[in-house]
Amino acid sequence: MNWENFCEGIREIYEEIKDDVGGNLADYIPQLASADPNLFGISVTSLDGKVFNIGNTDTRFCIQSCSKPMIYAMILKEHGAEKVAQHIGREPSGKMFNSLDFNSENKPHNPLINAGAIMAASLVKPNERSDKRYDHIIKEWKRVLGSQEISFDNSVFLSERNTASRNYALSHLMMENGIFPNNSQIEDTLQLYFQSCSITMTTQELSKYAAILANSGKSLDDVECLIEPQIVKDVLCVMYSSGMYDYSGRWSYDIGIPAKSGVSGCIFAVIPNVCGISIFSPPLDNMGNSVK
Ligand code: GLU
């Protein structure tokens, strides 16, 4: 790939779409409805660590569902794929991300919809205290990204916790289905899930994460294995089939790369062996993906 030409192409796309005013802010989490709809940034990180930034690439935003691939990778490492599969499926759901719907074994369809991500949160260090479990997640982000800047938006966390009837409903259904690990507490599990959605970063950091996944989990200086290649493969598979909400099938068909979006208007996309891309622009289409 010619890096300069590639970046020039991204710059042209940015200029072409920057004045698009389509879409709406997510309003079911009140704090997200107060985001600035004009923010727009794109970062691209190459496998050898070159970074191209255009627009609001220093702005911190809560990563929302872009946290889900990381949590999935963490529980695959902690428990192994077989144990995780006892709690979470790996198929696209064909339903909305927060739908009250399970697979034929009464498990969540995959780890990237809300039910699966709540289940995944329950599997993060299940026997530790809640403060340690949150610490474990934020430290993992800092370790993988090699950055201490990763932060947390408490207002988003509180806003999300206060408007979570549907996520509580999903959790109670899964408790009744008997698929949570033993001794799981709904309240603790949901708090951890909301906390992981309220972690904040910039497009620069999120594109670096995408680049590390594109590099089979190796650091961008190729020295360290940050995430095991088998886990990267498992994460990219579910991102490819289920990462873009109800648009996932069309996305895979038309665009053809693993990606994940979040309702704050962020997306990260992985082009294996080439680069990682992250985009942030809050207005969403009716599937929940950033319009831009
Ligand atoms: N925290 C959000 C929720 O549970 C996640 C939404 C998303 O980004 O998909 O509704």
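Here, each number is a calculation from the coordinates, and none is a lab measurement. All of these numbers come straight from a predicted model, not from anything done at the bench. Cβ sites come from the backbone with ideal geometry, for glycine too, and all protein chains shown count toward neighbours.
Here are a few things to note about the model shown:
- When residues of the range 233-250 are limited to those that are part of a helix (DSSP H, G or I) and crowded, with 23+ Cβ neighbours inside 10 Å, the one farthest from the ligand (Cβ to nearest atom): Val235
- Test: Asn106 is in a loop (DSSP other than H, G, I, E, B) and either under 16 Å from the mean Cα position of the chain (by Cα) or within 20 Å of Ser264 (Cβ to Cβ) (or both): no
- Residue in the range 257-268 that is in a helix (DSSP H, G or I), in contact with a helix residue (DSSP H, G or I) (Cβ under 7 Å, 6 or more places away or on another chain) and more than 25 Å from Arg90 (Cβ to Cβ) present: no
- Checked against the criterion of being among the polar types (S, T, N, Q) and within 16 Å of the ligand (Cβ to nearest atom), the range 50-60 has no qualifying residue.
- Taking every residue in the range 139-167 that is free of Cβ contacts under 8 Å to residues at least 40 places away in the same chain and pairing it with any residue that is more than 16 Å from the ligand (Cβ to nearest atom) and in a helix (DSSP H, G or I), at least 6 positions away or on another chain, the pairs with Cβ-Cβ distances below 6 Å are Gln148/Lys142.
- Applying the condition of being in a loop (DSSP other than H, G, I, E, B) and among the aliphatic types (A, V, I, L, M) to the range 141-168 and asking which residue is nearest to the ligand (Cβ to nearest atom) yields Ala164.
- Those residues of the range 268-288 which are over 21 Å from Ser99 (Cα atoms) and within 16 Å of the ligand (Cβ to nearest atom), in sequence order: Phe268, Ala269, Ser278, Ile279, Phe280, Ser281, Pro282, Pro283
- Check on Ser99, more than 14 Å from Leu190 (Cα to Cα), more than 17 Å from the chain's Cα centre (by Cα), loosely packed, with under 13 Cβ neighbours inside 10 Å and within 16 Å of the ligand (Cβ to nearest atom): no
- Among the conditions (1) under 24 Å from Asn53 (Cβ atoms); (2) part of a loop (DSSP other than H, G, I, E, B), the only one that Gly288 does not satisfy is (1).
- Tally, over the range 183-215, of residues that are crowded, with 24+ Cβ neighbours inside 10 Å, within 12 Å of the ligand (Cβ to nearest atom) and over 25 Å from Asn53 (Cβ atoms): 2
- The one condition in (1) within 14 Å of the ligand (Cβ to nearest atom); (2) surrounded by 19 or more Cβ atoms within 10 Å (Cβ to Cβ); (3) in a loop (DSSP other than H, G, I, E, B) that Met70 fails to fulfil: (3)
One line per residue, one yes/no per condition, for (1) within 22 Å of Gln230 (Cβ to Cβ); (2) in contact with a Gly (Cβ under 8 Å, 6 or more places away or on another chain):
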site	(1), (2)
Thr59	no, yes
His87	yes, no
Glu91	yes, no
Lys125	yes, no
Arg129	no, no
Arg143	yes, no
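- Of the residues in the range 35-57, at least one is under 30 Å from Glu224 (Cα atoms) and basic (Lys, Arg).
- Within the range 120-136, the presence of at least one residue that is within 17 Å of the chain's Cα centre (by Cα) and within 14 Å of the ligand (Cβ to nearest atom) is confirmed.
- When the test is whether a residue is among the polar types (S, T, N, Q), in contact with a Leu (Cβ under 9 Å, 6 or more places away or on another chain) and away from the ligand (no atom under 13 Å from the Cβ), Gln230 passes it.
- Among the residues of the range 19-75, the ones that are touching a residue at least 60 places away in the same chain (Cβ under 8 Å), over 15 Å from Thr202 (Cα atoms) and among the hydrophobic types (A, V, I, L, M, F, W, C) come to 10 in all.
- Only residues that are over 28 Å from Asp153 (Cα atoms) and small (Gly, Ala, Ser) were counted across the range 249-291, and they come to 3.
- Test for Glu176: is it charged (D, E, K, R), more than 16 Å from the ligand (Cβ to nearest atom) and surrounded by fewer than 14 Cβ atoms within 10 Å (Cβ to Cβ): yes
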